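A short worksheet on the structure shown next.
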Amino acid sequence: MKKYLVTGGTGFIGSALVRRLVEEGNQVRVLDNGLRGDLGRLKDLASRLEIIEGDIRQLGVVRQAVQGVDSVCHLAFLNGTEFFYSKPELVLEIGVKGMANVIDSCIEGRVPELIVASSSEVYQTPPTVPTDETVPLSIPDPLNPRYSYAGGKIISELMAINYGRKHFKRVLIFRPHNVYGPDMGWEHVIPQFCLRMKELCSKEKNKVVCFPIQGSGQETRAFVFIEDFTSGLMTVIGKGEHLGIYNIGTTEEISIAQVAREVAAYYGREVELSPGKLAEGGTLHRCPDISKLKKLGYLPKISFKSGLRSTAAWYDKFAEKKPKKGELN
């Protein structure tokens, strides 16, 4: 049993990690300010957790949070593609200042282990798909606000590795690839498709629904369901090597058109896609090579169709919880 601090622990991925750590008998402290997270995700575990409500950008708060822990899992960041474009300065402030505070506090508090969440966004347009962990990281255009997120993640990786060599016994970096599931947030393609389809179905009674999308629909992603992802992350935590970098995802590559068809099928409809302009800086294809993690024993089990059904059901039921455009939660 270890004592963990999970920053961003009430977020979608963070809360799933907290749950698994607790289930496996660990003590867990959560640091979150609720900007994007929701403590309700952990309501049933409240008596088994230590919760610190605070901002990762405040050094004093982070210093307090790391006291006495064996490991810090740093997930606090501002995610959501919509915010990469609309709030890039906030994305960078939380990402870079937060990472610096975590590093400084861990060194001061003699925390031996640091586990850092990166992103598939660090690859941008990878030269090979599936993409392994050795592909060069890049920022194609610093004037494009989208890359605020990738830039913050690249800086986080560099800090973790270079401080990790000297100040930590073990540093691990994981790169999530399109994690999805119920209550995943609102600024991603699957929840947006679910809500759009629900609204269209309420207005349109025909079997075939005209469905607008960004891009042609032939763009692809490899979506990994939250339960599979968390199993992969626990594998990294349990077996990963010092300064190791690990993709976590699935190799089941799905076109955006197929995502739309699966969402429509949940509502008993079919779609006629109406293609639109792809968001500037969007990647045509993304799929991880997970060979490195498979060697540690990881094997995703949940198909996209199965995971999509439970995800669509959640957004169908809780559509009214969607925040107003531009709000953070």
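The values are calculated or read from the model by the stated rules, or taken from the named source; none is laboratory data. Predicted model only: the values in this text are computed from it and were never measured. For neighbour counting, all protein chains shown are included, and Cβ atoms are generated from backbone atoms with ideal geometry for every residue, glycine included.
Observations on the model:
- If you go through the range 79-128 and pick out every residue that is of a type in the set (A, V, I, L, M) and modelled with pLDDT under 95, you end up with 0.
- Members of the range 109-134 that are out of contact with any Phe, Trp or Tyr (no Cβ under 6 Å at 6 or more places or on another chain), buried (at least 16 other Cβ atoms within 10 Å of the Cβ) and of a type in the set (Ser, Thr, Tyr): Ser118, Ser119, Ser120, Tyr123
- Count of residues meeting criterion [within 12 Å of Glu262 (Cβ to Cβ) and in a loop (DSSP other than H, G, I, E, B)] in the range 294-313: 1
- Matching entry among Cys194, Cys210 (being assigned to a helix (DSSP H, G or I) and either buried (at least 22 other Cβ atoms within 10 Å of the Cβ) or of a type outside the set (S, T, N, Q) (or both)): Cys194
- Of the residues making up the range 242-256, those that are more than 19 Å from Thr128 (Cα to Cα) and surrounded by 17 or more Cβ atoms within 10 Å (Cβ to Cβ) are Gly244, Ile256.
- Of residues in the range 1-32 being under 13 Å from the mean Cα position of the chain (by Cα) and of a type in the set (Gly, Ala, Ser), the one surrounded by the fewest Cβ atoms within 10 Å (Cβ to Cβ): Ala16
- Thr134 vs. criteria in a loop (DSSP other than H, G, I, E, B) and farther than 20 Å from Gly282 by Cα: yes
- The condition of being out of contact with any helix residue (DSSP H, G or I) (no Cβ under 7 Å at 6 or more places or on another chain) and not assigned by TED's automatic domain parsing to the domain that holds Leu35 does not hold for Arg165.
- For the range 93-103, the criterion of being surrounded by 17 or more Cβ atoms within 10 Å (Cβ to Cβ), more than 20 Å from the chain's Cα centre (by Cα), in contact (Cβ under 8 Å) with a residue 12 or more places away in the chain and closer than 29 Å to Glu24 by Cα is satisfied by at least one residue.
- Some residue of the range 157-167 being buried (at least 23 other Cβ atoms within 10 Å of the Cβ) and not polar (S, T, N, Q): yes
- Any chance Leu78 is touching a strand residue (DSSP E or B) at 6+ places or on another chain (Cβ under 9 Å), crowded, with 17+ Cβ neighbours inside 10 Å, under 30 Å from Glu241 (Cα atoms) and of a type outside the set (Ser, Thr, Tyr): no
- Considering residues of the range 137-156 that are in a loop (DSSP other than H, G, I, E, B) and surrounded by 18 or more Cβ atoms within 10 Å (Cβ to Cβ) only, the residue farthest from the chain's Cα centre (by Cα): Pro145
- Selection status of Cys106, assigned to a strand (DSSP E or B), in contact (Cβ under 8 Å) with a residue 24 or more places away in the chain and surrounded by 21 or more Cβ atoms within 10 Å (Cβ to Cβ): no
- So Glu199, is it out of contact with any strand residue (DSSP E or B) (no Cβ under 7 Å at 6 or more places or on another chain) and not polar (S, T, N, Q): yes
- The one condition in (1) under 18 Å from Asn178 (Cα atoms); (2) out of contact with any strand residue (DSSP E or B) (no Cβ under 9 Å at 6 or more places or on another chain); (3) at pLDDT 95 or above that Leu293 fails to fulfil: (2)
- Flag if Gly185 is of a type in the set (Gly, Ala, Ser), surrounded by fewer than 23 Cβ atoms within 10 Å (Cβ to Cβ), within 25 Å of Val30 (Cβ to Cβ) and modelled with pLDDT under 95: yes
- Residue within the range 264-272 that is surrounded by 15 or more Cβ atoms within 10 Å (Cβ to Cβ), hydroxyl-bearing (Ser, Thr, Tyr) and either within 17 Å of Arg196 (Cα to Cα) or touching a strand residue (DSSP E or B) at 6+ places or on another chain (Cβ under 8 Å) (or both) present: yes
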